Amino acid sequence: MSLEPTLRLARSGELYPSCILHGADDAVRRAAALALARTLLCGRPVAERPCGDCNHCRRITWDEAAGGLFHPDFQVLERDLRTSTSVDAARTFLRGAQVTPFEARGQVFVVATAESLTAEAANAFLKSLEEPHTGSPRHFLLLAPSQFDLLPTLRSRSLAVYLGGGESTDAAALEELAEPLGEAVDGYLKSGNRMDLFAIAGVLQAAGGWQDPRSRRPWELAAAAVTGVSRRGDLSADQRRRFLGLAEDLLTGPDMRVRGIQPQRILEGFVHARLDA
Ligand SMILES: [Zn+2]
(Lines give C-alpha, C1' and ligand atoms only; values in the text may rest on other atoms or scores of the structure.)
Protein backbone atom coordinates (compact mmCIF):
# COMPACT_ATOMS: atom_id res chain seq x y z
CA MET A 1 0.00 0.00 0.00
CA SER A 2 1.15 3.57 -0.59
CA LEU A 3 0.75 6.62 1.67
CA GLU A 4 -2.42 8.18 0.19
CA PRO A 5 -4.78 5.24 0.82
CA THR A 6 -3.15 4.79 4.23
CA LEU A 7 -4.02 8.39 5.13
CA ARG A 8 -7.60 7.70 4.04
CA LEU A 9 -7.77 4.67 6.33
CA ALA A 10 -6.39 6.82 9.17
CA ARG A 11 -9.01 9.50 8.51
CA SER A 12 -11.86 7.00 8.56
CA GLY A 13 -10.54 5.30 11.70
CA GLU A 14 -9.82 2.02 9.90
CA LEU A 15 -6.04 1.99 10.08
CA TYR A 16 -4.31 -1.21 11.27
CA PRO A 17 -2.92 -0.98 14.81
CA SER A 18 0.58 -1.56 13.46
CA CYS A 19 2.05 -0.07 10.26
CA ILE A 20 5.51 -0.41 8.77
CA LEU A 21 6.54 2.72 6.87
CA HIS A 22 9.34 1.60 4.56
CA GLY A 23 11.21 2.65 1.44
CA ALA A 24 12.43 6.13 0.44
CA ASP A 25 14.85 7.72 2.93
CA ASP A 26 14.77 8.58 6.60
CA ALA A 27 13.39 12.11 6.07
CA VAL A 28 10.51 10.86 3.91
CA ARG A 29 9.66 8.12 6.41
CA ARG A 30 9.62 10.63 9.25
CA ALA A 31 7.44 13.05 7.29
CA ALA A 32 5.00 10.22 6.51
CA ALA A 33 4.88 9.27 10.21
CA LEU A 34 4.03 12.86 11.15
CA ALA A 35 1.29 13.06 8.51
CA LEU A 36 -0.23 9.81 9.77
CA ALA A 37 0.04 10.74 13.45
CA ARG A 38 -1.56 14.13 12.81
CA THR A 39 -4.35 12.53 10.80
CA LEU A 40 -5.00 10.10 13.65
CA LEU A 41 -4.97 12.68 16.44
CA CYS A 42 -6.13 15.93 14.75
CA GLY A 43 -8.95 17.69 16.54
CA ARG A 44 -10.77 18.97 13.44
CA PRO A 45 -13.66 17.30 11.57
CA VAL A 46 -12.73 14.15 9.65
CA ALA A 47 -12.52 15.75 6.18
CA GLU A 48 -10.02 18.35 7.41
CA ARG A 49 -7.60 15.90 9.02
CA PRO A 50 -4.71 16.57 9.25
CA CYS A 51 -5.35 20.32 9.50
CA GLY A 52 -1.74 21.03 10.50
CA ASP A 53 -2.59 23.86 12.89
CA CYS A 54 -4.90 22.64 15.64
CA ASN A 55 -3.73 22.16 19.19
CA HIS A 56 -2.84 18.54 18.42
CA CYS A 57 -1.26 18.87 14.95
CA ARG A 58 1.08 21.69 15.98
CA ARG A 59 2.58 19.70 18.82
CA ILE A 60 3.10 16.51 16.79
CA THR A 61 6.60 17.26 15.60
CA TRP A 62 10.08 15.82 15.56
CA ASP A 63 11.86 18.84 16.97
CA GLU A 64 10.43 18.67 20.42
CA ALA A 65 13.71 19.85 21.90
CA ALA A 66 14.06 22.86 19.60
CA GLY A 67 10.49 24.10 19.75
CA GLY A 68 9.63 22.96 23.25
CA LEU A 69 6.47 21.44 21.78
CA PHE A 70 5.22 18.19 23.19
CA HIS A 71 2.19 16.00 22.70
CA PRO A 72 1.71 13.40 25.43
CA ASP A 73 -0.10 11.01 23.07
CA PHE A 74 2.63 11.03 20.40
CA GLN A 75 5.66 9.09 21.54
CA VAL A 76 8.84 8.29 19.68
CA LEU A 77 11.43 5.61 20.30
CA GLU A 78 14.70 6.75 18.75
CA ARG A 79 17.62 4.47 18.19
CA ASP A 80 19.75 3.67 21.13
CA LEU A 81 23.12 4.46 19.60
CA ARG A 82 25.17 2.45 22.05
CA THR A 83 23.71 -0.84 20.93
CA SER A 84 20.70 -1.69 18.84
CA THR A 85 17.37 -0.63 20.30
CA SER A 86 17.36 -2.46 23.59
CA VAL A 87 14.51 -4.42 24.99
CA ASP A 88 14.50 -2.22 28.10
CA ALA A 89 14.00 0.94 26.04
CA ALA A 90 11.22 -0.78 24.10
CA ARG A 91 9.52 -1.93 27.31
CA THR A 92 9.67 1.56 28.86
CA PHE A 93 8.27 2.98 25.65
CA LEU A 94 5.50 0.38 25.51
CA ARG A 95 4.49 1.08 29.09
CA GLY A 96 2.94 4.25 27.68
CA ALA A 97 0.62 2.06 25.63
CA GLN A 98 -0.97 0.70 28.79
CA VAL A 99 -2.45 4.03 29.89
CA THR A 100 -5.39 5.90 28.40
CA PRO A 101 -4.69 8.82 26.06
CA PHE A 102 -3.98 12.05 27.88
CA GLU A 103 -5.59 14.51 25.48
CA ALA A 104 -6.31 13.07 22.05
CA ARG A 105 -8.71 10.44 20.75
CA GLY A 106 -5.94 7.88 20.66
CA GLN A 107 -2.22 7.36 20.91
CA VAL A 108 0.56 7.05 18.36
CA PHE A 109 3.86 5.30 19.06
CA VAL A 110 6.66 5.67 16.54
CA VAL A 111 9.76 3.49 16.34
CA ALA A 112 12.12 5.67 14.29
CA THR A 113 14.57 2.92 13.29
CA ALA A 114 12.62 -0.30 13.61
CA GLU A 115 15.34 -2.19 11.69
CA SER A 116 17.49 -1.89 14.81
CA LEU A 117 14.97 -3.63 17.07
CA THR A 118 16.42 -6.80 18.56
CA ALA A 119 14.34 -9.99 18.37
CA GLU A 120 13.61 -9.58 22.05
CA ALA A 121 12.41 -5.99 21.62
CA ALA A 122 10.31 -6.99 18.59
CA ASN A 123 8.68 -9.69 20.71
CA ALA A 124 7.84 -7.12 23.36
CA PHE A 125 6.02 -5.22 20.61
CA LEU A 126 4.12 -8.27 19.46
CA LYS A 127 3.04 -8.94 23.01
CA SER A 128 1.86 -5.38 23.36
CA LEU A 129 -0.14 -5.68 20.12
CA GLU A 130 -1.93 -8.71 21.52
CA GLU A 131 -2.70 -7.21 24.88
CA PRO A 132 -6.18 -5.85 25.46
CA HIS A 133 -6.00 -2.11 25.87
CA THR A 134 -8.09 0.77 27.03
CA GLY A 135 -10.50 0.91 24.13
CA SER A 136 -9.14 4.07 22.56
CA PRO A 137 -7.28 3.53 19.28
CA ARG A 138 -3.59 2.89 19.67
CA HIS A 139 -1.24 2.89 16.72
CA PHE A 140 2.32 1.78 16.19
CA LEU A 141 4.31 3.17 13.28
CA LEU A 142 7.50 1.23 12.58
CA LEU A 143 9.98 3.06 10.31
CA ALA A 144 12.59 1.06 8.39
CA PRO A 145 14.46 1.19 5.04
CA SER A 146 12.77 -2.07 3.99
CA GLN A 147 9.97 -4.09 5.59
CA PHE A 148 12.26 -7.09 5.13
CA ASP A 149 14.58 -5.64 7.76
CA LEU A 150 11.94 -6.60 10.32
CA LEU A 151 11.14 -10.01 11.77
CA PRO A 152 8.53 -12.02 9.79
CA THR A 153 6.31 -12.21 12.89
CA LEU A 154 6.22 -8.42 13.10
CA ARG A 155 5.64 -8.07 9.34
CA SER A 156 2.73 -10.48 9.33
CA ARG A 157 0.96 -8.42 12.00
CA SER A 158 1.49 -5.06 10.32
CA LEU A 159 0.33 -3.15 7.28
CA ALA A 160 3.36 -2.38 5.08
CA VAL A 161 3.25 1.09 3.58
CA TYR A 162 5.78 1.58 0.79
CA LEU A 163 7.01 5.15 0.32
CA GLY A 164 9.03 4.70 -2.89
CA GLY A 165 12.64 4.04 -3.88
CA GLY A 166 15.44 5.28 -1.66
CA GLU A 167 18.07 7.89 -2.39
CA SER A 168 20.76 5.39 -1.44
CA THR A 169 20.32 3.96 -4.93
CA ASP A 170 23.13 4.80 -7.31
CA ALA A 171 21.92 7.96 -9.07
CA ALA A 172 23.98 7.39 -12.22
CA ALA A 173 22.75 3.80 -12.63
CA LEU A 174 19.20 4.99 -12.05
CA GLU A 175 19.51 7.64 -14.71
CA GLU A 176 20.93 5.12 -17.14
CA LEU A 177 18.02 2.78 -16.52
CA ALA A 178 15.29 5.44 -16.71
CA GLU A 179 15.42 5.96 -20.47
CA PRO A 180 15.22 2.37 -21.76
CA LEU A 181 12.66 1.59 -19.07
CA GLY A 182 10.56 4.59 -20.13
CA GLU A 183 10.70 3.36 -23.75
CA ALA A 184 9.70 -0.17 -22.80
CA VAL A 185 6.80 1.19 -20.72
CA ASP A 186 5.77 3.42 -23.65
CA GLY A 187 5.73 0.37 -25.90
CA TYR A 188 3.48 -1.56 -23.55
CA LEU A 189 1.12 1.34 -22.85
CA LYS A 190 0.70 1.90 -26.58
CA SER A 191 0.14 -1.72 -27.56
CA GLY A 192 -1.43 -3.14 -24.40
CA ASN A 193 0.17 -6.37 -25.61
CA ARG A 194 1.36 -8.61 -22.80
CA MET A 195 4.35 -9.71 -24.89
CA ASP A 196 5.66 -6.18 -24.42
CA LEU A 197 5.80 -6.82 -20.68
CA PHE A 198 8.81 -9.05 -21.37
CA ALA A 199 10.62 -5.98 -22.69
CA ILE A 200 10.02 -4.18 -19.38
CA ALA A 201 11.38 -7.17 -17.41
CA GLY A 202 14.28 -7.40 -19.89
CA VAL A 203 15.31 -3.78 -19.37
CA LEU A 204 15.28 -4.25 -15.59
CA GLN A 205 17.39 -7.37 -15.94
CA ALA A 206 19.86 -5.70 -18.30
CA ALA A 207 20.77 -3.22 -15.52
CA GLY A 208 22.80 -6.13 -14.09
CA GLY A 209 24.29 -6.78 -10.66
CA TRP A 210 22.59 -10.15 -10.18
CA GLN A 211 25.65 -12.28 -9.39
CA ASP A 212 25.25 -12.25 -5.62
CA PRO A 213 21.85 -13.79 -4.76
CA ARG A 214 21.83 -12.01 -1.41
CA SER A 215 22.50 -8.56 -2.83
CA ARG A 216 19.63 -6.12 -2.43
CA ARG A 217 21.20 -3.52 -4.72
CA PRO A 218 19.87 -4.61 -8.12
CA TRP A 219 16.37 -4.98 -6.65
CA GLU A 220 16.50 -1.57 -5.00
CA LEU A 221 17.68 -0.05 -8.26
CA ALA A 222 14.83 -1.71 -10.19
CA ALA A 223 12.31 -0.63 -7.53
CA ALA A 224 13.57 2.97 -7.64
CA ALA A 225 13.35 3.05 -11.45
CA VAL A 226 9.81 1.65 -11.41
CA THR A 227 8.84 4.14 -8.69
CA GLY A 228 10.06 6.83 -11.10
CA VAL A 229 7.74 5.43 -13.78
CA SER A 230 4.81 5.59 -11.33
CA ARG A 231 5.22 9.38 -11.18
CA ARG A 232 4.62 9.84 -14.90
CA GLY A 233 1.86 12.32 -15.65
CA ASP A 234 0.30 10.19 -18.38
CA LEU A 235 -0.68 7.30 -16.11
CA SER A 236 -4.13 6.68 -14.70
CA ALA A 237 -4.51 6.29 -10.93
CA ASP A 238 -4.88 2.54 -11.46
CA GLN A 239 -1.68 2.35 -13.53
CA ARG A 240 0.20 4.37 -10.91
CA ARG A 241 -0.93 1.91 -8.25
CA ARG A 242 0.22 -1.02 -10.39
CA PHE A 243 3.70 0.41 -10.91
CA LEU A 244 4.04 1.29 -7.23
CA GLY A 245 2.91 -2.26 -6.39
CA LEU A 246 5.55 -3.61 -8.77
CA ALA A 247 8.23 -1.50 -7.07
CA GLU A 248 7.15 -2.94 -3.75
CA ASP A 249 7.29 -6.52 -5.10
CA LEU A 250 10.78 -5.95 -6.51
CA LEU A 251 12.09 -5.35 -3.00
CA THR A 252 11.11 -8.94 -2.14
CA GLY A 253 13.36 -10.25 -4.93
CA PRO A 254 16.27 -11.29 -2.69
CA ASP A 255 13.97 -13.65 -0.73
CA MET A 256 13.21 -15.52 -3.95
CA ARG A 257 16.79 -15.39 -5.23
CA VAL A 258 18.11 -17.17 -2.16
CA ARG A 259 15.61 -19.94 -2.89
CA GLY A 260 17.47 -20.48 -6.15
CA ILE A 261 15.08 -18.81 -8.61
CA GLN A 262 16.75 -17.01 -11.52
CA PRO A 263 16.41 -13.20 -11.65
CA GLN A 264 14.85 -13.29 -15.13
CA ARG A 265 11.99 -15.52 -13.95
CA ILE A 266 11.41 -13.43 -10.84
CA LEU A 267 11.36 -10.16 -12.82
CA GLU A 268 8.97 -11.54 -15.44
CA GLY A 269 6.72 -12.95 -12.75
CA PHE A 270 6.52 -9.66 -10.87
CA VAL A 271 5.98 -7.57 -14.01
CA HIS A 272 3.19 -9.80 -15.32
CA ALA A 273 1.49 -10.15 -11.94
CA ARG A 274 1.24 -6.39 -11.48
CA LEU A 275 0.95 -4.93 -14.96
CA ASP A 276 -0.99 -7.49 -16.97
CA ALA A 277 -4.45 -5.95 -16.91
ZN1 LIG B 1 -5.26 19.28 13.35
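Over the chain, the pair-distance histogram of Cα-Cα distances with 10 Å bins from zero comes to 7, 27, 31, 21, 12, 2 percent, rounded to whole numbers. Amide H contacts of ALA24 (H built 1.01 Å from N, in plane; Pro and chain starts excluded): LEU163, GLY164, GLY165, GLY166 sit under 5 Å, all sequence-distant by 5 or more or on other chains. Each Cα pair under 8 Å and six or more residues apart adds its sequence gap; the mean of these over the residue count of the chain is a relative contact order of 19 percent. Rounded to the nearest 10 degrees, the inclination of helix 171-191 to the longest alpha-carbon principal axis of the chain is 70 degrees. Rg/Rh for region 101-255: what does it come to with C-alpha atoms and Rh from Kirkwood? Using only Cα positions, Rg/Rh for region 101-255 is 1.07.
What order do you get for 231-241, 185-195, 117-127, 203-213 when each peptide is scored by the mean count of other beta carbon atoms within 10 Å, highest first?
Details: 231-241: 11.5, 185-195: 13.2, 117-127: 18.1, 203-213: 15.6.
Result, highest mean first: 117-127, 203-213, 185-195, 231-241.
Specify which residue in the list LEU9, ALA225, ALA172 is farthest towards the positive end of the charge dipole of the chain, using unit charges on the beta carbon of Lys, Arg (+1) and Asp, Glu (-1), about the Cα centre. So the residue furthest toward the plus end is LEU9. The alpha carbons of region 184-232 give a radius of gyration and a Dmax of 12.1, 36 Å, in that order. In the full protein context, the chain carries 48 Å² of accessible surface per residue, based on a 1.4 Å probe and ignoring ligands, DNA and RNA.
In region 3-162, a dipole from Cβ-located charges (positive for Lys and Arg, negative for Asp and Glu) runs towards its positive end, and of PRO45, PRO145, ALA104 it is PRO45 whose Cα lies farthest in that direction. Summarising the amide proton neighbourhood of VAL76: residues at separation of 5 or more, or on other chains, whose placed amide H is nearer than 5 Å comprise VAL110.
Amide hydrogen proximity for LEU159: with H placed 1.01 Å from N in the peptide plane, the residues at 5 or more positions away or on another chain lying under 5 Å are SER18, CYS19, ILE20.
At q = 0.09 Å⁻¹, what log₁₀ I(q)/I(0) does region 3-162 have when each alpha carbon counts as one equal point scatterer in the Debye sum? The calculated log intensity ratios at q = 0.09 Å⁻¹ are -0.26. Element breakdown for the chain at a 1.4 angstrom probe: carbon and sulfur atoms account for 51% of the accessible area.
In sequence order, region 112-125 has phi-based couplings of 5, 9, 5, 5, 8, 5, 6, 4, 5, 5, 4, 5, 4, 5 Hz under the Karplus curve 6.51 cos²θ - 1.76 cosθ + 1.60, θ = phi - 60°, and Gly or Pro positions carry x.
The charge dipole of region 3-162, taken about the Cα centre with unit charges on the Cβ atoms of Lys, Arg (+1) and Asp, Glu (-1), comes to about 340 debye, rounded to the nearest 20.
Coupling constants for region 156-163 follow from the phi torsions by the Karplus curve (6.51 cos²θ - 1.76 cosθ + 1.60, θ = phi - 60°), and in residue order they are 5, 9, 10, 8, 8, 10, 8, 9 Hz; glycine and proline get x.
Principal axis analysis of the Cα atoms in region 171-275 yields extents of 36, 28, 20 Å, listed in decreasing size. For region 171-275, the relative contact order comes to 31 percent (Cα pairs under 8 Å, sequence separation of at least 6). Neighbours of GLU14, meaning other residues whose beta-carbon lies under 15 angstrom from its beta-carbon, give a summed charge of +4 when Lys and Arg score +1 and Asp and Glu score -1.
Rounded to the nearest 20 debye, the dipole size of the chain about its Cα centre is 760 debye, using +1 on the Cβ of Lys and Arg and -1 on the Cβ of Asp and Glu. The string of couplings for region 32-37 from the Karplus curve (6.51, -1.76, 1.60, θ = phi - 60°) is 5, 5, 5, 4, 5, 4 Hz, one whole number per residue in order, with x for Gly and Pro.
The values are calculated or read from the model by the stated rules, or taken from the named source; none is laboratory data. The structure displayed is predicted, hence computed values, not measured ones. No Cβ is skipped: glycine too gets one built from the backbone with ideal geometry, and neighbour counts run over all protein chains shown. For accessibility, only protein heavy atoms count, side chains too; no ligands or nucleic acids. Shrake-Rupley method; radii C 1.70, N 1.55, O 1.52, S 1.80 Å.
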